[in-house]
Amino acid sequence: MSLLLNHPNVLQKARNEVEEHVGQERLVQETDLPNLPYIQSIVNETLRLFPAAPLLVPHESSEDCTIGGFEVARGTIVLVNAWAIHRDPTLWEDPLSFKPERFMNLRNTGYWYMPFGMGRRQCPGYGLANRVVGLALASLIQCFEWERVGEELVGLSEGKGLTMPKDEPLVAMCKARQEMSHLLMDL
Ligand code: HEM
């Protein structure tokens, strides 16, 4: 939401997608998600810039190996800096900009995108997490108008903690959309 408030054009594009594929006569539901690739791209792009586990979780190498020219002995604890990989300018064009479009029609993200880790110990909850976050975001966009509290952009600085919490909690203005009030009143 913070990124969307700072990029109203992206928010508008996401709303257009929901309007086009879901409309105003019913609430968005899980089965709509495959038809909402831009919403999914917003989730992907957010997790690229702000991965919830920036260093993933510690792994232990099960055998001697070489990673990027470094010899890693068996039994070494290895931390993968997904945050740095996600912002590497040799892997991403304009890496610090919030551009959900970069994930549209991208079939394979390769080894440079790993908000849920990778391989055998990849997060088993990633499908559930993507659906829950995508559906929550789509619902917030479908049902409410969102605005910043002032001219100033929402601060995106990171607080302390392993999961990169926001430094300051988000404060925003939101109101139910007139067009959706007939559905919201029945909830
Ligand atoms: C946006 C939400 C989530 C993010 C960003 C996330 C991210 C991650 C990451 C980075 C790992 C470590 C992968 C590695 O070893 O390198 C992990 C592991 C794990 N996650 Fe998630 N996760 C999310 C939601 C969930 C949910 C909803 C569940 C369960 C329903 C879940 C269950 C697990 C479990 C059990 C592991 C340990 C897997 C293993 O070590 O074999 N996660 N997650």
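Observations
- The ellipsoid that matches the Cα gyration tensor of the stretch 31-176 has semi-axes, each √(5λ) in whole angstrom, of 32, 18, 15, with the longest given first.
- Separation in nanometres of the label points that stand 7 Å from Cα toward Cβ, at Glu19 and Lys166: 2.5
- Averaging the Cα positions of each part gives two centres, and for the stretch 117-149 and the stretch 26-72 these lie 12 Å apart.
- Placing +1 on the Cβ of every Lys and Arg and -1 on the Cβ of every Asp and Glu, with nothing else charged, gives the chain a dipole about its Cα centre of roughly 300 debye.
- Taking Cα atoms only, the orientation of helix 37-49 departs from the longest principal axis of the chain by about 40 degrees.
- Counting only aspartates and glutamates at least 8 places from Lys166 when in the same chain, those with an alpha carbon closer than 18 Å to its own are Glu45, Glu152, Glu158.
- Inter-label distance for Leu128 and Thr31, nm, one decimal - labels placed 7 Å from Cα along Cα-to-Cβ: 2.3
- Nearby lysines by direct alpha-carbon distance to Lys99 (threshold 19 angstrom, same-chain neighbours under 8 apart not counted): Lys13
- Annotation: aspartates and glutamates with alpha-carbon distance below 20 angstrom to Lys160 (same-chain offsets under eight excluded): Glu168.
- Once the chain from Glu147 to Ile77 is taken as fully extended at 0.36 nm per residue, the excess over their C-alpha distance is 20.8 nm.
- Taking each residue as 0.36 nm, the span from Ala136 to Glu101 lengthens on full extension beyond its C-alpha to C-alpha distance by 10.6 nm.
We did not get these values from a lab; they are worked out from the coordinates using the rules stated. Keep in mind that this is a model prediction, so the values were computed, not measured. Every residue, glycine among them, receives a Cβ derived from its backbone with ideal geometry; neighbour counts consider all protein chains shown.
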